[in-house]
Amino acid sequence: MTNSRKKGKRFELLVAGLFRSIGYEARRGQQYCGANGDADVVGVPYIHIECKAVEKLNLYDAMAQAKHDAHGNVPVVIHKKNNCNVLVTMEFESWAEMYKAWEHEQAEKGEQDDI
């Protein structure tokens with residue numbers, strides 16, 4: 001296995017671990033079947049995750065890959081450079097829908113606190 005493939009595998013394991021730490025049963029998608037078109041990390045409902053651990057990432061190419069393979073799920077690219085934080089990239093429309101749902105939930109919690 002080349003160094004870049006090892007680095008990719010390590011990053012996928014890291015991302016799966018991040019999701020497990022917040023309650024999802026996430027795991028590497030390639031580890032069982034290795035089929036093309038699978039998400040890099042599976043176990044997070046409704047999200048298609050592509051992981052990229054590279055210094056020079058073409059986000060538009062990575063997002064195109066995620067969109068192509070998403071099959072109705074929300075395409076997300078989770079990426080990082082060396083010595084940098086993990087970032088999440090998604091299309092604005094997906095982010096806005098998610099934010100509006102979160103905002104609505106927060107407003108309902110506020111109303112319940114007033115009762």
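Quick notes on this structure:
- Condition met for residue 80 (of a type in the set (Lys, Arg), touching a strand residue (DSSP E or B) at 6+ places or on another chain (Cβ under 9 Å) and in contact (Cβ under 8 Å) with a residue 60 or more places away in the chain): yes
- Residue check, residue 15 in contact (Cβ under 8 Å) with a residue 60 or more places away in the chain, surrounded by 11 or more Cβ atoms within 10 Å (Cβ to Cβ) and within 14 Å of residue 86 (Cβ to Cβ): yes
- Pairs with Cβ under 6 Å, 6+ apart, first in region 46-58 and closer than 17 Å to residue 5 by Cβ, second among the aliphatic types (A, V, I, L, M) and part of a strand (DSSP E or B): 50/77; 51/78
- Selection count, region 65-93, where residues are among the acidic types (Asp, Glu) and assigned to a loop (DSSP other than H, G, I, E, B): 1
- Residues of region 37-53 that turn out to be within 19 Å of residue 82 (Cα to Cα) and modelled with pLDDT under 95, as a count: 0
- Any hit, region 96-105, residues being surrounded by 10 or more Cβ atoms within 10 Å (Cβ to Cβ) and in a strand (DSSP E or B): no
- Those residues of region 2-36 which are assigned to a loop (DSSP other than H, G, I, E, B) and modelled with pLDDT of 95 or more, in sequence order: 21, 22, 23, 24, 25, 26
- In region 38-64, the residue that is surrounded by the most Cβ atoms within 10 Å (Cβ to Cβ) out of those that are assigned to a strand (DSSP E or B) and among the charged types (D, E, K, R) is 50.
The values are calculated or read from the model by the stated rules, or taken from the named source; none is laboratory data. Bear in mind that the values here come from a model prediction, so they are computed numbers and not experimental data. FYI the Cβ positions are ideal-geometry reconstructions off the backbone, even for glycines, and counts take in every protein chain you see.
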